[in-house]
Amino acid sequence: MRHAIDYGTRELNREAAAMAKYQHNGAGPILEVRDLRTHFMTRQGLVRAVNGVSFELEKGETLGLVGESGSGKTITCLSILRLLPRGGQVVGGEIILEGQDILKTSEDEMGRLRGKKVGMILQNSMAALDPVFSIGTQIAEPLVAHQGLPWKRALAGAIDLLRMVKINDPEVRVRNYPHELSGGMRQRSSSAASIGPHPDVLIADEPTTALDVTTQRQYLDLLKELQKATGMAIIFITHDISIVGNLCDKLAVFYGGLVVEYGSKDQVLNNPSHPYTKALLKALPILGEKRERLQTIPGEPPHAGNLPPACPFHPRCEQAMDNCKEGDAPPIFDLGYGHQARCWLLEKDDEQYSR
Ligand SMILES: Nc1ncnc2c1ncn2[C@@H]1O[C@H](COP(=O)(O)OP(=O)(O)OP(=O)(O)O)[C@@H](O)[C@H]1O
Ligand SMILES: [Mg+2]
């Protein structure tokens, strides 16, 4: 039986419940994002980048955020870190990290949490590394800031970290500047800087886009190894649903600032239930299978400054009905065992469901 999930009623006392859970046995999700809404006020008007995103992350788990450009993946993660670009504001929802409400945390405390509890590998690793400082300085700095190491020990730690991310001659490379490294090496170095302070949650935003296929595979294997060694949870952002299979335990499919489908990797990949997820998967080449032509999704993804009403996917959806085009976005339907999707088609099959 499928139920629409009403996050509104769940919001009551959530903070108290989250605290109680941690005080009780330390179990439960390490990160909970509930009905997050992040908007930008711009000269052109309101940009609704994130419009009610919810997900949970357990210790040691990897969650993949997938979706086309502009769907709100990066802004969701920058909201978690409270590092939004100018004009951006969280206008609703909750972000609970290890029982602590991030949105109610002071800026000083946030500075301490960033890097230490949540680390982020940015979308553009070249921009993430400062061209005027050596690689070693940039990896050592967070170790001084978050672990209180003296500078000499932090630099030795930087060499260890470079070795850990499989950079040859780390004693030499530690003195290099970003422009002296290849794209793959820069990506590894920026990862070393992010994992150095042992964050509980690592957010990796499109870390492999600039890499060739072989380097990409090596990098993903490395991330998995590092996760095994440190027990960190990972949020992995990608356009490319084909690379999430090996890496992720759970998937959240983004469209128009919403999570339109959410569940375990197997649920989402083997039983896709939202028309958008189905279309994304149809657009994938299948190894060893000859297809006449790959199907692309007709139309363009919407801009967050001009989202279609109701279901943001309806203009591109072959199965759109009247209620997909008017009113609010579809509710979240529970498909069982944690699998969820926001699509009115899922209500249709449920004769017992009533609002
Ligand atoms: N600084 C900003 N000012 C105004 N709008 C912004 C700003 N940054 C992002 N947006 C808008 O917010 C929406 C979500 O952007 P976001 O960067 O989260 O997308 P994304 O899913 O990460 O896309 P990509 O895959 O291209 O990185 C987009 O429509 C984008 O244009
Ligand atoms: Mg992005």
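Data overview
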{"quantity": "Unmet requirement for ASP35, which otherwise passes all of (1) out of contact with any Phe, Trp or Tyr (no Cβ under 6 Å at 6 or more places or on another chain); (2) surrounded by fewer than 20 Cβ atoms within 10 Å (Cβ to Cβ); (3) not polar (S, T, N, Q)", "calculated": "(1)"}
{"quantity": "Flag for GLU68 being buried (at least 16 other Cβ atoms within 10 Å of the Cβ), near ligand 1 (Cβ under 10 Å from one of its atoms), at pLDDT below 95 and not in a strand (DSSP E or B)", "calculated": "yes"}
{"quantity": "Residue ID - nearest to ARG173 (Cα to Cα), chosen from residues in region 123-157 that are within 16 Å of ligand 1 (Cβ to nearest atom) and open to solvent by 70 Å² or more (accessible area, probe 1.4 Å)", "calculated": "MET126"}
{"quantity": "Any chance LEU269 is outside any loop (DSSP other than H, G, I, E, B), closer than 20 Å to ASP334 by Cα and either modelled with pLDDT of 95 or more or hydrophobic (A, V, I, L, M, F, W, C) (or both)", "calculated": "yes"}
{"quantity": "Residues of region 86-111 classified as within 13 Å of HIS39 (Cα to Cα), in contact (Cβ under 8 Å) with a residue 40 or more places away in the chain and either within 14 Å of the chain's Cα centre (by Cα) or open to solvent by 30 Å² or more (accessible area, probe 1.4 Å) (or both), total", "calculated": "5"}
{"quantity": "Qualifying residue in region 120-130 (condition: away from ligand 2 (no atom under 16 Å from the Cβ), over 14 Å from the mean Cα position of the chain (by Cα) and outside any helix (DSSP H, G or I))", "calculated": "yes"}
{"quantity": "Selected residue (criterion: nearest to ligand 1 (Cβ to nearest atom)) from residues of region 230-247 that are assigned to a loop (DSSP other than H, G, I, E, B) and surrounded by fewer than 19 Cβ atoms within 10 Å (Cβ to Cβ)", "calculated": "HIS239"}
{"quantity": "Matching residues in region 158-208 - criterion: being crowded, with 19+ Cβ neighbours inside 10 Å, away from ligand 2 (no atom under 16 Å from the Cβ) and of a type in the set (Ser, Thr, Tyr)", "calculated": "SER189, SER191, SER194"}
{"quantity": "Residue, farthest from ligand 1 (Cβ to nearest atom), within region 71-85, restricted to residues that are outside any helix (DSSP H, G or I) and open to solvent by 30 Å² or more (accessible area, probe 1.4 Å)", "calculated": "ARG82"}
{"quantity": "Counted residues, region 69-99 - those being within 16 Å of ligand 2 (Cβ to nearest atom) and of a type outside the set (D, E, K, R)", "calculated": "16"}
{"quantity": "Conditions (1) open to solvent by 10 Å² or more (accessible area, probe 1.4 Å); (2) within 11 Å of ligand 1 (Cβ to nearest atom); (3) outside any helix (DSSP H, G or I); number of the one not met by GLU56", "calculated": "(2)"}
{"quantity": "Residue that is out of contact with any Pro (no Cβ under 8 Å at 6 or more places or on another chain) and open to solvent by 40 Å² or more (accessible area, probe 1.4 Å), where the choices are MET120, MET41", "calculated": "MET41"}
{"quantity": "Search result, residues across region 30-61 that are farther than 22 Å from GLN100 by Cβ and among the hydroxyl-bearing types (Ser, Thr, Tyr)", "calculated": "THR42"}
{"quantity": "Residue within region 93-106 that is touching a Pro at 6+ places or on another chain (Cβ under 6 Å) and small (Gly, Ala, Ser) present", "calculated": "no"}
{"quantity": "Residue list for region 210-229, filter: open to solvent by 50 Å² or more (accessible area, probe 1.4 Å) and either outside any loop (DSSP other than H, G, I, E, B) or in contact (Cβ under 8 Å) with a residue 40 or more places away in the chain (or both)", "calculated": "ALA210, VAL213, THR214, ARG217, GLN218, ASP221, LYS224, GLU225, LYS228, ALA229"}
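The values are calculated or read from the model by the stated rules, or taken from the named source; none is laboratory data. All values derive from a computational prediction rather than experimental measurement. With ideal geometry, Cβ positions are generated from the backbone for all residues, glycine too; neighbour counts draw on all protein chains shown. Side chains included, ligands, DNA and RNA excluded: accessible areas come from the protein's heavy atoms. Shrake-Rupley method; radii C 1.70, N 1.55, O 1.52, S 1.80 Å.
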